[in-house]
Amino acid sequence: MEKQKTISLLVKDHPGVMQRVTSLFTRRGFNMESITVGASEEAGASRIIIVTTGDDSLVKQILNQLLKLVDVYEATLLRPAETVTRELALMKMNIDPSKNEELAGIVERYQATVVDIGTKTMIIQAVGDTEKINAIVEQLMPYGMSQLSRTGVMAMEKGS
């Protein structure tokens, strides 16, 4: 059965690494649901988090192929029960004064925040797992969402 799998990569931080990683997925026909990259705990290294879909044998093949890339130091399949995942979403909403109270209730219910407010629009920030982000986006859509930007999944295995 195919399920979403989260892979954590520790890679050399220099130009071309992302292109090599994404090219591997393209050449092999692997799908990426989400990819995020940023600084890691090691100087000169970046952390890439990839969410992909596939059965266990496909994911094992992906990990083996990733480890063959020169600039990949570490490739780990994260265990769902032992992993904390988060996304950030920014949502630009058209302001309708008659709906402000309802909108404020949704923001509060999802522990989101209003990070900018103008005369015609406001920007709401939400942080949480993918399910929470999907839920708040679904709740806010009818209120006039004019723009949505999501980070993709960030993930880390829990400590002991």
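Restricting the calculation to alpha carbons of region 84-157 gives Rg and Dmax of 12.2, 44 angstrom. Relative to the dominant Cα principal axis of the chain, helix 17-28 is inclined by about 80°. Between the helical axis of 130-140 and the dominant principal axis of the chain, each derived from Cα atoms, what acute angle in degrees is found, rounded to the nearest 10? Orientation of helix 130-140: about 30 degrees from the principal axis. Restricting region 130-160 to trypsin sites (Lys or Arg not before Pro) that sit in a DSSP loop and have at most 12 other Cβ atoms within 10 Å of their own Cβ leaves Lys158.
Among the GluC sites (Glu not before Pro) within region 37-97, which fall in a DSSP loop and have no more than 16 other Cβ atoms within 10 Å of their own Cβ? The qualifying sites are Glu41, Glu42. Relative contact order, whole percent, for region 41-160 stands at 35, derived from Cα pairs under 8 Å and 6 or more residues apart.
Which residues does the label zone of Ala81 cover in region 45-68, counting backbone N under 16 Å from a point 7 Å along Cα→Cβ? So the set is empty, nothing qualifies. Taking the C-alpha atoms only, the angle from helix 100-109 to the longest principal axis of the chain is near 40 degrees. Based on alpha carbons, the Rg and Dmax found for region 1-43 are 12.0, 38 Å.
The chymotrypsin sites (Phe, Trp or Tyr not before Pro) found in region 1-82 include none that occupy coil by DSSP while having at most 15 further C-beta atoms within 10 Å.
Which label belongs to the value computed from this structure, given these candidates for Cα extents along the principal axes in Å: (i) 57, 36, 36; (ii) 61, 35, 27; (iii) 56, 37, 25? The listed entry that was calculated here is (i).
We did not get these values from a lab; they are worked out from the coordinates using the rules stated. Note that the structure is predicted; figures quoted are calculated from it, not measured. Note that each Cβ is placed from the backbone with ideal geometry, even for glycine, and that neighbours are counted across all protein chains shown.
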